[in-house]
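Beneath this line is the structure, given in C-alpha cells, with notes to follow.
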Amino acid sequence: MTLDYAGGFGETVEQLVDYEKAGLDLVAVAEVYTFDAVSQLGYIAARTERLELMSSIFQIYTRSPSLTAMTAAGLDYVSGGRFTLGLGASGPQVIEGFHGIKYDAPLARTREVVEICRQVWQRQPVVHEGKHYQVPLTKEHGGSGLGKPLKLINHPVRPRIPVSIAALGPKNVAMAAEIAEGWMPLFFHPGKWEAAFGESLAEGKASRDPELGTLDIQLQVNFALGEADPAALGAVRDQLALYIGGMGARDKNFYNQLACRYGYESEAAEMQELYLGGRKADAAAAVPDDLVRAVSLIGDEGYVKEHLAEFAAAGVTTLLLRPLATSHDARVADVRRLAELAAEA
C-alpha cells in the first residue's frame, strides 16, 4: 500500500497493524514536496514487525548518491532488513521549482546513483569517475584535492539493498529493467502495455545481470472491492485527468506521452487542453472509460480475479494499492480478501 501524503499519517500508521494482520506485505511512502519520507519510514519501521518498507520515491537530485546510500542503509538497519530503495527523477517543476537544482540527464544520473549506492553498501572505498558524479571530488573537477576514498563505517544489514526505479519513458524503462531489482510504472494498462513498454523491457532485460533475479513489477493501482462504485471510478478519472492533462508542462508531460503510446492521442490532447484551460471537470469527463477500468482494480470479486490474471499475465508481481473504500474497516476487509484472491490466482 502507498500511504497518502495529504495528511492523517499518525492515524494511518496505527491502522497499518490491522492491514499487516490482513495480509498486507509492503508499505511505500512518497516524497514529493511534502514532509520527508525518511522520518516517516523510520517511524513505521518501529511500529511494525513484518511489513516491508519502500520509498516511493526518493528523488535522485535531492541527496548526494552517497547520502542516498547512507539513508537506505540506515532505514534497512532500523527495520531489520525490510527496506527497498525506490528512486525516481521526478520532474523539472519539482526539482527546479522547489529544490532549485538543475534537472538534467535523469537517465545517466540514475545509473550513476545506483552504481555508487552499491559500492557504499558493499563497504568499498567509494571511487566513481562518472560524467555527473566524481567521488572523491578532485582538483580537476573543482575540489580542494583533499578528498580521499572512504568506505561506510557501519556494516549494513545487507550488502545489497533492493532498488526499484519509477520510470515511464522508453529509455528509462529499459534502464530500470537492466539495473534494478524492481520497476514502478504508473497507469499500467494490461491490454496495451506491450505497445508502451514491451520493446523497452526486452531491451533492458537483454543486458540484465542474472544476479538481480526476475524484475519485480510494482504496479500502483487504485483498489475497491464490490460493485463498481461511481465515486471510486470518479476518483480514478480525476487522477488520470490531473496527470495526463495537467501534470508538468504542455510539452513535457510524461503521463500524457504514455497515454499517447497506449493509443489515446486525441483523448490525451483533449484532456490537456481542457485541464490547462481550467476546465478540470470537463477534462475528467474526457478520460476514456476503458482506460479508467484498465488501470484500476475496482469491481466485484469475479471482475477483480479476472483483472488480477490480466496483470499477472502482463508480468506484474506486486500491487501498490490505493484502497478507496470509505471506512477503515472496509478497506482492511478489502485488503484481506484481495490477499486471498491473489493467493488463489
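The values are calculated or read from the model by the stated rules, or taken from the named source; none is laboratory data. This is a predicted model, so every value here is computed, not measured. Backbone-built Cβ (ideal geometry, glycine too); neighbour counts: all protein chains shown. The accessibility values were calculated without ligands, DNA or RNA, using every heavy atom of the protein model including side chains. Shrake-Rupley method; radii C 1.70, N 1.55, O 1.52, S 1.80 Å.
Here are some notes:
- Taking a ≥ b ≥ c as the square roots of the eigenvalues of the Cα gyration tensor, region 207-302 is oblate, since a/c reaches 1.5 or more and a/b is not larger than b/c.
- Stretch gain in nm, segment Arg279-Ala345, where the contour uses 0.36 nm per residue and the Cα spacing is subtracted: 19.6 nm
- Accessible area per residue, Å², region 18-148 with all protein chains present, probe 1.4 Å: 46 Å²
- On the basis of the beta-carbon distance and an R0 of 22 Å, Thr138 and Ala105 show a calculated FRET efficiency of 0.60.
- Magnitude of the charge dipole, the chain, Cβ model with Lys/Arg +1 and Asp/Glu -1, debye to 20: 1440 debye
- Of (1) 1.07; (2) 0.97; (3) 1.32, the label for Rg/Rh (Cα atoms, Kirkwood Rh) derived from the coordinates: (2)
- Remark: region 250-261, residue by residue, has Karplus-estimated 3J(HN,Hα) of 4, 9, 9, 10, 4, 6, 5, 5, 5, 4, 5, 5 Hz, where x stands for each Gly or Pro and the curve is 6.51 cos²θ - 1.76 cosθ + 1.60 at θ = phi - 60°.
- In summary, the lysines within cross-link reach of Lys192, defined as a Cα separation below 30 angstrom excluding same-chain residues under 8 places away, comprise Lys171, Lys205, Lys252, Lys280, Lys305.
- Relative to the longest principal axis of the Cα atoms of the chain, helix 106-121 runs at roughly 60 degrees.
- Accessible surface, region 226-273, averaged per residue in Å² (probe 1.4 Å): 48 Å²
- Cβ-placed point charges (K, R +1; D, E -1), dipole of region 33-161 about Cα centre in debye, nearest 20: 340 debye
- In a fully extended conformation the segment linking Leu150 and Tyr33 would gain 39.0 nm over its present Cα-Cα distance, using 0.36 nm per residue.
- Of all aspartates and glutamates in the structure, the ones whose alpha carbon falls short of 14 Å from that of Lys21, not counting any fewer than 8 places away in one chain, are Glu49, Glu52, Asp329, Asp334, Glu340.
- Top positive-direction residue, dipole computed over the chain with Cβ charges, set Pro190, Gly315, Thr84: Thr84
- Within the accessible surface of the chain, defined with a 1.4 Å probe on protein heavy atoms only, the carbon and sulfur portion equals 53 percent.
- Over the chain, relative contact order from alpha-carbon pairs under 8 Å, at least 6 apart, %: 16 percent
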